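Presented below is the structure to which this report refers.
The values are calculated or read from the model by the stated rules, or taken from the named source; none is laboratory data. This is a predicted model, so every value here is computed, not measured. FYI the Cβ positions are ideal-geometry reconstructions off the backbone, even for glycines, and counts take in every protein chain you see. Surface areas here come from the heavy atoms of the whole protein model, side chains and all, with no ligands, DNA or RNA. Shrake-Rupley method; radii C 1.70, N 1.55, O 1.52, S 1.80 Å.
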Amino acid sequence: MKRVVITGIGALTPIGNTADEYKAGLENGVSGAAMITHFDPEHFKTKFACEVKGLDMKDRLEHKEIRRMDRFAQLGLAATAEAMEDSGLDLDKINLDRAGVIWGSGIGGLGSLELDVEAHTLGSGVPRYSPFMIPKMIPDIAPGQISIKYGLRGVNYSTVSACASSTHAIINSTDYIRLGKADVIVTGGSESVVLKPGIGGFNAMKALSTRNDSPETASRPFDKDRDGFVLGEGAGVLILEEYEHAKARGAKIYGEVVGTGMTADAYHLTAPHPEGLGAANVISMAMKEAGLSSTELDYINVHGTSTPLGDIAELRAIHKVFGDDAFNLDISSTKSMTGHLLGAAGAIEAIAGVLAMNHDFIPPTINHFTDDPEIDGRFRLTFNEAKHTKVNSVLSNTFGFGGHNASVIFKSI
């Protein structure tokens, strides 16, 4: 099989609007949580989220692009511009028939749907919907828009698997290149559902933290007093490239995709298997494909959403796979800083792992105040401050509603 490497990254996150800013936020343990500004949250149980801040989309995209795209696609297109520039790809010198886009979004254009439904409901009742409503709403429009902008005529589609969506996109892209069907694929994901139906829907499920008196400390994976996740928004982009193709053009290489795995819990719509069986299976699958022993893995960026059940189940899965070697692995949840970006989570967390590997640090799990007696204290969970150490290999886990599990392993080259 062909080898697959990362030659470009781009990020728009609640703790940084470029990959460099994101790296600084991760290393400094910055919290991206604050009171919601996208709408008035007065009547909602949760009044805070992790929004992208200080971003004027007019500085990133043309007026026509903004008008014809939902915010989730706008974020994706803007982050792709950074990744493409970072990759140094000369589109006039590559075969655009062998360059594509595989993109993940769990929900897509919820904001566009909300606006048109509200306009119809609150108006005269006459059904006058925007001709752009459907194209702005559907999740696959983001990869479509990216391919149109850059003339990428190869594979093009969207993966939808809740919070595992963008990790599935990365894995599918890797497989496509490995099989020799593409030279370059733009992959990752975007999400923007800090909206009334987004907050309201997750509140109804009792999934979100309601720590309104201290939003910046609300996302606290592994802490005894965690009370749910914090909703986030943003986009993460990786340029994946066939190794020989990248080497021939003298590309900068961030690392190689060496292991992947995809499984299902087959257990419950929203709750993880309490013993983490599906998660253990997917981690084992990725490790086997990577050909790594438990002592050769340096860092795990866990799914770690800050929910009472999920955090414990994932650590049980890690212990099941690695045994007591799990206690020698550095582990952290960057959702403590970014919140949970749903379908885009896998992409920005993969980038967190790639940045950790290229700058030799373990991003912290911030907001740890009280140990959970149900969590074995021998786990190295990197609380509150970044750890500076050599990082050669990274495992990134993402799990989604529906029991979808996806893991990917990156290694220095």
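Observations on the structure shown:
- Since only 133, 144, 160 are under comparison, the one whose Cα sits farthest along the positive direction of the charge dipole of the range 56-177, derived from C-beta charges on Lys, Arg, Asp and Glu, is 133.
- Taking Lys and Arg as +1 and Asp and Glu as -1, the other residues whose beta-carbon sits under 9 Å from that of residue 226 total -3.
- Residues of type lysines that residue 390 reaches as a straight line, Cα spacing below 18 Å, ignoring anything fewer than 8 places off in the same chain: 23, 411
- Accessible area expressed per residue, the range 312-413, with surrounding protein chains retained (probe 1.4 Å, Å²): 31 Å²
- FRET efficiency estimate (nearest 0.05) - Cβ-Cβ, residue 42 to residue 253, R0 56 angstrom: 0.70
- HN-Hα J in Hz across the range 160-165 - Karplus 6.51, -1.76, 1.60, θ = phi - 60°, x for Gly and Pro: 10, 8, 6, 6, 8, 4
- Pairs of Cα atoms nearer than 8 Å and 6+ residues apart set the relative contact order; for the chain it is 24 percent.
- Added length on full extension, which subtracts the Cα-Cα distance from 0.36 nm per residue, residue 130 to residue 375: 83.1 nm
- Comparing 361, 72, 222 in a Gaussian network model of the chain (Cα springs below 10 Å), the most mobile by mean-square fluctuation is 361.
- In order through the range 339-345: 3J(HN,Hα) via Karplus (6.51 cos²θ - 1.76 cosθ + 1.60), integer Hz, x for Gly, Pro: x, 9, 8, 6, x, 8, 4
- Here residue 247 sits with roughly 110 square angstrom of accessible surface, probe radius 1.4 Å.
- With the simple spin-label model, which puts each label point 7 Å out from Cα in the Cβ direction, the residue 328 to residue 2 separation comes to 3.7 nm.
- Solvent-accessible area, 1.4 Å probe, carbon plus sulfur percent, for the range 264-345: 54 percent
- Formal net charge of residues neighbouring residue 262 (Cβ-Cβ distance under 15 Å; K, R +1; D, E -1): -1
- Set of lysines with alpha-carbon distance to residue 64 below 16 Å, sequence-local pairs under 8 removed: 136, 149
- Using the Karplus relation 6.51 cos²θ - 1.76 cosθ + 1.60 with θ = phi - 60°, the per-residue 3J(HN,Hα) values for the range 228-237 come to x, 8, 10, 6, x, 9, x, 8, x, 10 Hz, with x marking Gly and Pro.
- Take the range 106-182 with all the other protein chains still there, run a 1.4 Å probe, and you get 46 Å² of accessible area per residue.
- Beta bridges per DSSP with both ends in the chain, % antiparallel, nearest 5: 65 percent
- Difference of contour (0.36 nm per residue) and Cα-Cα distance, residue 210 to residue 244: 7.3 nm
- Given the choices (i) 2.78; (ii) 1.00; (iii) 0.92, Cα Rg over 2.2 N^0.38 Å derived from the coordinates of this structure is entry (iii).
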